[in-house]
Each structure stands twice: as C-alpha cells, then as structure tokens.
Protein chains: 2
Amino acid sequence: MKIQSVTKELSLKRSVDSGTDEQRIVVQHIIQTVQSQGDDALRTYTKQFDGAELESLQVTQEEIDEAYSEFPEQMIKVIKEARDNIFTFHQKQLRETWTYTDSNGSVLGQKMTPLDSAGVYVPGGTAAYPSSVLMNVMPAKVAGVERIVMVSPPGPDGRLPAGVLVAAEIAGVQEIYKVGGAQAIAALAYGTESIKPVDKITGPGNIYVALAKREVFGDVDIDMIAGPSEIAVLADESARPAEIAADLLSQAEHDTRASSVLVTPSRTLAEETAAEVEKQLAGLPREAIARQAIDSYGAIYVTKNMKEAVGVINQLAPEHLEVMTENAMDIVEDIRHAGAIFVGRFSSEPIGDYFAGPNHVLPTNGTARFSSPLNVDDFMKKSSLIMYSEQAFRENAEKVAAFARLEGLEAHARAVEIRKENDQ
Amino acid sequence: MKIQSVTKELSLKRSVDSGTDEQRIVVQHIIQTVQSQGDDALRTYTKQFDGAELESLQVTQEEIDEAYSEFPEQMIKVIKEARDNIFTFHQKQLRETWTYTDSNGSVLGQKMTPLDSAGVYVPGGTAAYPSSVLMNVMPAKVAGVERIVMVSPPGPDGRLPAGVLVAAEIAGVQEIYKVGGAQAIAALAYGTESIKPVDKITGPGNIYVALAKREVFGDVDIDMIAGPSEIAVLADESARPAEIAADLLSQAEHDTRASSVLVTPSRTLAEETAAEVEKQLAGLPREAIARQAIDSYGAIYVTKNMKEAVGVINQLAPEHLEVMTENAMDIVEDIRHAGAIFVGRFSSEPIGDYFAGPNHVLPTNGTARFSSPLNVDDFMKKSSLIMYSEQAFRENAEKVAAFARLEGLEAHARAVEIRKENDQ
C-alpha cells in the first residue's frame with residue numbers, strides 16, 4: 001500500500017456509474033412495458049434475463065419450508081440472533097407522536113406514522129446476501145410497516161437461494177416474488193396483477209436496478225444509490241497492524257473499486273500495516289479483487305499528529321470508520337462525518353456487517369457528510385399537527401393577514417379574517 | 001366546484017414538469033461552465049438572465065441595513081415573532097446522541113451531528129417570500145448547521161427584495177449572494193472563488209433550478225422537488241361553509257395547478273361550500289389563477305359517512321389537511337397520510353404558512369404517503385456507534401465468521417478471527 005503524507009484536499013469520491021443513454025432507454029422501455037402488460041411482462045423478462053420460466057411469481061410456503069430444511073440449522077440460529085440484535089438497536093430509534101400545548105392553549109406536534117408498505121430488492125447470484133435482507137427489512141418492521149415485500153431474480157431453475165428465503169422468513173417478509181432487474185422495480189412502483197405497489201423501495205442492485213430506482217423516484221420513495229464500499233481506520237501505536245490490515249482487506253474484497261484507508265500519525269504503524277496487508281492478501285479467495293482495490297483506492301496517510309488525522313477523516317467522510325487509539329471515545333467526539341463508527345479493537349467492521357445491531361446500509365462516496373445509515377425514520381413520516389386555540393387565533397390573526405398581504409396573497413389573508421367576521 | 005361521489009381510485013397526482021431535453025442540456029452546460037469558470041460565469045449569467053451587472057456577488061451589511069430601514073417596522077416585529085415560533089417548534093424535534101450498554105458490555109448508539117453547511121435558494125420576483133426564507137433556514141439553524149448561505153436572483157437594479165434580506169438577517173443567514181437559476185445551484189454544489197460549496201441545498205425554484213438540483217444530487221443533498229400546492233378539507237356540518245371556501249381559495253390562488261378539495265359526508269355542506277367558493281372568488285386579486293385551479297383541480301366529494309371520508313383523505317395524502325368536524329382529534333387518529341394536519345376552525349391553513357411554528361415546506365403530489373415536512377432531521381446525520389466489548393467479541397466472533405463465510409466473504413471472517421489468534 002502507498003504510504004503518503006497529507007498534502008491536498010482528500011476525497012473518497014469515485015466516479016459513480018450513472019449508466020449509458022442506451023441503458024437508460026432500455027430501463028425506461030422495461031418500466032413502460034411492465035406498466036402496460038403487468039405480470040406477462042414480468043414473466044417474459046424473467047425468461048429473457050434470468051432464463052427461468054415461471055407460472056407463479058410468488059414464492060410459496062412450500063418453497064420457504066424447503067429452503068429451511070436444506071439450510072444449516074446452526075446458521076438459522078445465527079441469523080435469528082442477528083435479527084434480534086438488529087431489532088433491539090432499531091427499536092431504540094423509534095419515535096412516538098408528540099404534542100405540546102403552548103401558553104395560549106394551542107396544540108402543536110408531530111404525528112408519526114409508518115409507511116403502509118415497503119419493497120426490498122435483493123440481488124441474485126453471489127450478491128444474494130441474507131444479511132442484506134435483515135438490514136433492509138428490520139428498520140421497516142420496527143417502524144411498523146404492515147406490508148413488506150421482497151423481490152429477487154431467480155436462477156435458471158426458477159428458485160431463489162435458500163439463505164435469502166430463510167432470512168426473509170426470519171425477518172418477517174410477507175410476500176416474496178421471483179423477479180429482478182428493472183422489471184422488479186417497475187412492479188414494486190406501479191403494481192401488476194400479482195404484485196401490489198409499495199410506497200418505498202430499498203436494497204442494492206446492478207446498474208439497471210439503480211437506473212430504474214431513479215426513474216420511479218417521486219412516484220415512490222427510494223433509498224440512496226450505494227457506491228463501492230469504504231473503510232477508514234484511524235489508529236495510533238496502541239493498535240495492532242495485523243488487525244488493521246485484516247479489516248482493510250475485509251472491505252477490499254467486496255469490489256475492485258472498494259476503498260481502504262489507514263490514517264495514522266505513526267510511520268511505524270503505517271509501515272507495519274502495509275507489510276501485513278501484503279502478507280494477508282496472499283491466498284485470499286478474492287485476492288485478485290482485493291489487490292486491485294488496494295492498488296487503486298487504498299492509501300495510508302501519515303499525519304503530523306492525531307488532530308490532523310481526525311481532520312483527514314472528516315474530509316473523507318468514510319462509510320465505515322474504525323477508531324483504534326488510546327482514549328478512542330474522546331476522539332470519536334471530534335468525528336463529524338462517518339456512516340458507522342467502530343470503536344476499539346473488538347469492534348472489527350464485520351461485526352457491524354452482520355451482527356451487532358446497527359444497520360450495514362451506509363452512506364458511501366463522501367455522502368456521510370449529509371446522510372445517515374438506513375434507519376427507522378426512513379420508514380416513517382412526521383405529519384405536522386396544528387390545533388390553534390381561539391385565544392391564539394385572536395392574538396395573531398391580524399399578524400398572519402399582514403404577513404400574507406406582504407407576500408401578495410390576499411386569499412390567504414381573507415381566510416384568516418373571515419373567521420373574525422363570522423364571530424361578530 | 002364540482003360535487004361528486006367517490007367512485008374510483010382518487011389521486012392528487014398531477015404530471016410533474018420534468019423539463020425538456022433542451023432544458024436539461026442548458027442546465028448541464030450552465031453547471032459545467034460554473035465549475036470551470038467560477039465567479040466569472042456567475043456574473044455573465046446574472047447579466048444575461050437577470051439583467052444585472054454586479055461587481056461583488058455578496059450582499060453587504062450596508063445593503064441589509066438599507067433593507068431594514070425601508071421595511072415596515074411592524075412587519076419586522078411579525079417576522080421576528082414568526083421566527084421565534086418556528087424556532088420553538090423545531091427545537092422540540094432536536095435529538096441528542098444516544099448510547100446504551102447491553103448486557104455483555106458493548107456500547108451501541110447513534111451519534112447526531114449537524115451538517116457543516118446548508119444553502120437556501122430563494123426565487124426572485126413575486127415568489128421572493130420572506131416566509132420561505134424563515135421556513136428553510138430555521139430547521140438548519142436549530143440543527144446546529146454552522147454555515148447557512150442564501151442565494152437569490154437580483155432584479156435588474158442588482159438588488160434583492162428588502163423582505164428577503166430582512167428575513168434572512170432575522171433567521172441568521174451568514175452569507176447572501178445575488179445569484180439565481182441553475183448557476184446558483186452549481187455554485188452552491190461545487191463552489192466558486194467567492195462561494196464555498198455547501199452540503200445540502202433546499203428551497204423552491206423554477207424548472208431550471210429544479211433540474212439543476214437533480215443534477216447535483218449525490219454530490220450534495222437536496223430537498224424534495226415541490227409540486228403545486230394542495231389542500232384537502234375534511235368537514236361535517238359543524239363546519240362553516242364560508243370558512244372552508246376561504247381556505248380552499250387560499251391554496252387555489254397560489255397556482256393554476258393548485259388542488260383544493262373538500263371531502264364531507266354532508267351534501268348540504270358540499271352545496272353551501274360550492275356556492276361560497278363562487279361568491280368569494282369574485283374580486284380576488286388573483287381571481288383568474290384561483291378560478292382556473294378550482295375548475296381544473298378542485299373537487300367536492302360527498303361520501304357515505306365519515307369513515308369513507310377518512311379513507312378518501314388517506315388515498316389523497318394531501319399536502320395540507322384541515323379537519324373541521326366534531327371530535328376532530330379522534331378523527332386525526334385515523335389519518336395516515338398528510339403533510340400537515342390543521343385541526344379545528346381556528347387552524348386556518350395560512351396560520352401554518354406563516355406563523356404557528358411547523359414548517360410550510362411540505363410533501364406534495366401524494367408524496368405525503370412516504371415523506372415529511374422539512375424538519376431538523378433533514379439537517380443532521382445519525383452515525384452509528386459500535387464499541388464492542390471483549391466479552392461480546394468472544395461470545396460472537398465465531399457466529400460472525402460463519403455468517404461471513406456463508407456469504408462467501410473470507411476476508412470478513414478472517415478479520416474477526418485474527419483478533420482471537422492475536423490474543424493467544
């Protein structure tokens with residue numbers, strides 16, 4: 001890994017694949033076809049893109065039972081425990097409707113209501129992650145969303161991976177459909193004979209899925225389009241190079257465009273970590289991917305001191321941040337921008353990917369400057385509540401009317417004033 | 001107004017102006033030009049589009065003082081009082097960082113951090129609303145955003161309206177620039193010599209502003225693109241037709257595409273309200289606009305009973321909802337989808353537009369199904385905090401490693417396991 005000092009503006013930003021014009025036209029065509037032809041279109045595309053001929057799109061209880069029976073029992077237990085941890089953490093985010101009555105008797109507040117329905121996209125192939133099912137479904141579940149739907153492209157045998165079905169069942173998904181790609185997003189947004197539309201779509205996917213989500217945004221809500229994974233480690237000499245290196249590689253193995261960065265005031269730690277990365281890379285099953293990521297987007301920054309190191313982290317706004325230093329919690333105080341912050345040597349990043357409870361759907365590409373991990377708020381709305389008292393009305397009616405007239409909106413002013421006249 | 005019964009799926013959805021290809025190309029060109037030429041481009045565009053030749057883009061303290069001196073003193077007081085009310089309401093939304101320690105000693109939580117900076121777009125001409133300045137700035141202020149910037153297109157005299165400057169000063173905006181259109185959005189997103197970039201851009205604008213916000217989204221955050229205004233009134237015979245009509249017209253005067261709807265089980269109320277709308281329309285300064293809105297997008301639905309009426313409201317998911325019925329708070333319990341809910345006859349919608357405290361930036365076009373009024377959360381991030389204890393690590397390391405291997409991510413498993421080995 002390159003060891004460098006900090007000389008200029010730093011950024012984790014990699015160019016986002018925003019698709020070609022041709023891909024966009026394909027996606028628009030697929031969406032229109034699903035809107036006009038419904039299930040027929042879904043079946044045709046599923047045959048064309050996934051090689052599966054399906055009678056029924058919906059996964060049956062028998063298929064789920066079968067997935068259970070062929071899935072390692074030990075892993076079912078682990079997935080359930082992860083689900084419980086995720087549930088507990090997200091439940092602490094849940095906010096109740098609140099109101100207050102001010103001195104003139106008016107009641108103001110926010111009424112919290114879950115979305116009616118949510119749809120989760122789960123990619124096919126090697127990216128069909130059970131953990132991703134849990135992380136997308138549980139915040140919606142905790143919010144109180146009544147209808148949670150999952151879609152995922154089947155294999156040529158017309159089946160979904162057992163792990164995905166098991167995780168969906170454990171998370172409490174009510175409906176699962178064997179459809180993927182832009183056609184699945186269109187079905188979730190606009191509905192077909194067999195799939196009723198949802199209010200929000202979350203979950204990762206390929207460029208066609210990402211483009212389709214952008215197209216339907218506004219008609220339904222979507223989550224953020226995720227970029228390649230990132231980890232930044234902020235460490236001093238109290239940290240162990242082998243552990244840092246292992247964590248850097250855990251993100252590098254995701255994607256050739258993943259970014260793994262160490263920021264430290266210690267040149268010794270920098271050098272030892274670089275050597276460890278090289279050593280641990282050899283023999284990883286996904287060595288080629290990880291190596292390319294490390295070569296292209298990996299870096300070790302040696303800073304003048306810890307303060308400068310913290311500044312570098314805040315500039316990077318990484319998706320995952322590990323803080324392995326003396327007095328780590330004090331340093332966390334000064335961190336302004338990071339998706340998830342892992343503190344201390346026992347908080348290895350994969351602990352958060354799978355098990356600790358916080359969500360693993362996190363802002364990438366520097367967007368941690370302004371956005372948050374997937375959370376319960378993403379599945380709730382906050383309607384304003386205003387019950388103005390007669391006293392408040394009488395005290396303020398003329399002010400409101402004057403403000404409205406200042407802005408040239410006479411009917412606004414009259415709406416207030418007519419209530420005064422009506423009372424005389 | 002048309003009086004009709006409920007026979008089919010209802011929707012407030014009007015087609016959104018998503019711009020022509022030509023407009024999109026213009027906007028992309030403007031953004032690129034601002035990125036490459038900075039302030040020079042801003043000055044050139046401001047001359048071209050606004051007819052103003054500016055030396056300095058930034059509004060000076062002298063200009064603000066001048067605006068103050070020419071602005072009615074009484075209105076300064078009203079704007080300050082509105083600011084205080086908005087501040088109080090939004091402060092109740094503010095959430096603190098929280099953590100909890102679970103039974104095995106791990107600390108988990110959410111670290112709340114305000115965005116570093118925010119930019120507010122304020123349109124020019126008749127849409128330069130001081131209330132809009134307050135509503136966009138105060139949530140950011142309450143969140144703790146340190147740098148709040150305002151941009152707005154100047155008149156040909158190179159000035160901004162006094163009301164906008166006064167409101168910006170009262171709201172606590174630190175920097176104000178005389179630039180509008182797509183060029184202002186580009187400057188806020190990417191920065192120029194005189195305007196440092198921000199993390200989030202909010203505020204309404206014309207189609208060029210809306211397209212520019214879409215273009216820069218991802219590099220910075222944006223608020224939702226607002227559609228035309230909507231009001232739905234849910235009422236029974238306890239409500240007064242003249243007051244309902246006045247409120248319906250207060251939204252209709254905004255825009256020829258505004259939507260004003262009454263939903264009631266009472267045919268008598270329906271007929272009396274229709275007559276009142278006709279009567280009050282005559283002589284409104286914006287009569288032509290309001291009449292076209294009422295004719296095109298106004299409706300009175302007579303329902304079988306109150307339950308059906310509530311169902312209609314939940315289908316519509318209106319931006320503004322007024323509930324003027326007996327036992328109004330009981331009925332509010334059953335409302336699932338609305339941007340802001342005004343309860344009782346003294347809660348005329350303009351009270352919320354200007355003064356009560358809740359935000360007037362609200363979800364339109366049915367998006368209240370899944371989104372919220374502008375609020376303090378929009379200017380904060382919630383970073384996950386994970387400080388795993390040694391005990392928790394020892395109990396769960398093998399489970400996490402097994403989960404990672406199930407998903408084919410060996411480096412994830414090793415990152416956990418190396419910590420066990422290192423300890424032996």
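Computed quantities for the displayed model
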read-out	value
Members of region A:7-57 that are under 30 Å from residue A:231 (Cα atoms), free of Cβ contacts under 8 Å to residues at least 24 places away in the same chain and among the charged types (D, E, K, R)	A:8
Filter result for residue B:257 (more than 10 Å from chain A (Cβ to nearest Cβ) and out of contact with any strand residue (DSSP E or B) (no Cβ under 8 Å at 6 or more places or on another chain))	yes
Pick from region A:376-421, criterion acidic (Asp, Glu) and under 41 Å from the mean Cα position of the chain (by Cα), ranking: farthest from residue A:361 (Cα to Cα)	A:407
Counted residues, region B:231-251 - those being over 29 Å from the mean Cα position of the chain (by Cα) and more than 18 Å from residue B:6 (Cβ to Cβ)	6
Flag for residue B:188 being hydrophobic (A, V, I, L, M, F, W, C), buried (at least 24 other Cβ atoms within 10 Å of the Cβ) and farther than 30 Å from residue B:115 by Cβ	no
Of residues in region B:346-363 being of a type in the set (A, V, I, L, M, F, W, C) and more than 7 Å from chain A (Cβ to nearest Cβ), the one nearest to residue B:140 (Cα to Cα)	B:361
Qualifying residue in region B:221-240 (condition: among the basic types (Lys, Arg) and closer than 30 Å to residue B:273 by Cα)	yes
Filtered residues of region A:284-317 (kept if surrounded by fewer than 15 Cβ atoms within 10 Å (Cβ to Cβ), of a type in the set (Gly, Ala, Ser) and within 27 Å of residue A:335 (Cα to Cα))	A:296
Residue among B:380, B:387 that alone is more than 7 Å from every other protein chain (Cβ to nearest Cβ) and either at positive phi or modelled with pLDDT of 95 or more (or both)	B:380
Looking only at region A:252-311, and only at residues there that are among the basic types (Lys, Arg) and over 20 Å from residue A:6 (Cβ atoms), the one that is farthest from the chain's Cα centre (by Cα)	A:279
Residue pairs meeting the criteria (Cβ under 8 Å; at least 6 apart or on separate chains; first at the interface with chain A (Cβ under 9 Å from one of its Cβ atoms), in region B:108-124; second surrounded by fewer than 23 Cβ atoms within 10 Å (Cβ to Cβ) and among the aromatic types (Phe, Trp, Tyr))	B:108/B:100; B:109/B:98; B:109/B:100; B:110/B:98
Hits in region B:239-283 (condition: charged (D, E, K, R) and either part of a loop (DSSP other than H, G, I, E, B) or buried (at least 19 other Cβ atoms within 10 Å of the Cβ) (or both))	B:240, B:243, B:247, B:253, B:255, B:257, B:276
Residue within region A:144-152 that is surrounded by 15 or more Cβ atoms within 10 Å (Cβ to Cβ), of a type in the set (Ser, Thr, Tyr) and without any contact (Cβ under 8 Å) to a residue 60 or more places away in the chain present	yes
Residue within region B:309-322 that is at the interface with another protein chain (Cβ under 10 Å from one of its Cβ atoms), more than 28 Å from residue A:383 (Cα to Cα) and at pLDDT 95 or above present	no
Selection within region A:222-238 - buried (at least 18 other Cβ atoms within 10 Å of the Cβ) and free of Cβ contacts under 8 Å to residues at least 60 places away in the same chain	A:222
Helices (runs of 4 or more DSSP H) fully within region B:345-424 counting 1 or more residues that are touching a residue at least 12 places away in the same chain (Cβ under 8 Å) and more than 30 Å from residue A:293 (Cα to Cα)	B:349-354, B:390-406
Residue list for region A:214-238, filter: in a helix (DSSP H, G or I) and modelled with pLDDT of 95 or more	none
Verdict on residue A:293 being small (Gly, Ala, Ser), touching a residue at least 12 places away in the same chain (Cβ under 8 Å) and more than 8 Å from chain B (Cβ to nearest Cβ)	yes
Residues located in region B:70-104, provided they are buried (at least 19 other Cβ atoms within 10 Å of the Cβ), more than 8 Å from chain A (Cβ to nearest Cβ) and of a type in the set (Phe, Trp, Tyr)	B:71
Residue list for region B:79-126, filter: out of contact with any strand residue (DSSP E or B) (no Cβ under 8 Å at 6 or more places or on another chain) and under 21 Å from residue B:200 (Cα atoms)	B:86, B:87, B:90, B:91, B:94, B:123, B:124
Qualifying residue in region A:202-210 (condition: out of contact with any strand residue (DSSP E or B) (no Cβ under 9 Å at 6 or more places or on another chain), surrounded by fewer than 21 Cβ atoms within 10 Å (Cβ to Cβ) and more than 13 Å from every other protein chain (Cβ to nearest Cβ))	yes
Residue count for region B:393-409, restricted to those that are at the interface with chain A (Cβ under 7 Å from one of its Cβ atoms) and surrounded by fewer than 21 Cβ atoms within 10 Å (Cβ to Cβ)	5
Positions within region B:191-209 being assigned to a loop (DSSP other than H, G, I, E, B), in contact with a Ser or Thr (Cβ under 9 Å, 6 or more places away or on another chain) and modelled with pLDDT of 95 or more, in sequence order	B:194, B:196, B:197, B:198, B:199, B:203
Residue check, residue A:286 facing another protein chain (nearest Cβ under 9 Å) and more than 30 Å from residue B:146 (Cβ to Cβ)	yes
Residue match in region B:19-35 (condition: under 30 Å from residue B:315 (Cβ atoms), modelled with pLDDT under 95, of a type outside the set (Lys, Arg) and out of contact with any Pro (no Cβ under 9 Å at 6 or more places or on another chain))	yes
Region B:396-415: number of residues that are of a type in the set (Asp, Glu) and either modelled with pLDDT under 95 or farther than 21 Å from residue A:344 by Cβ (or both)	2
Region B:114-136: number of residues that are of a type in the set (S, T, N, Q), surrounded by 14 or more Cβ atoms within 10 Å (Cβ to Cβ) and out of contact with any His (no Cβ under 7 Å at 6 or more places or on another chain)	3
Test for residue A:371: is it under 30 Å from residue B:334 (Cα atoms) and touching a Gly at 6+ places or on another chain (Cβ under 9 Å)	no
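The values are calculated or read from the model by the stated rules, or taken from the named source; none is laboratory data. Note that the structure is predicted; figures quoted are calculated from it, not measured. Here the Cβ is made from the backbone with ideal geometry for all residues, glycine too, and neighbour counts use every protein chain on show.
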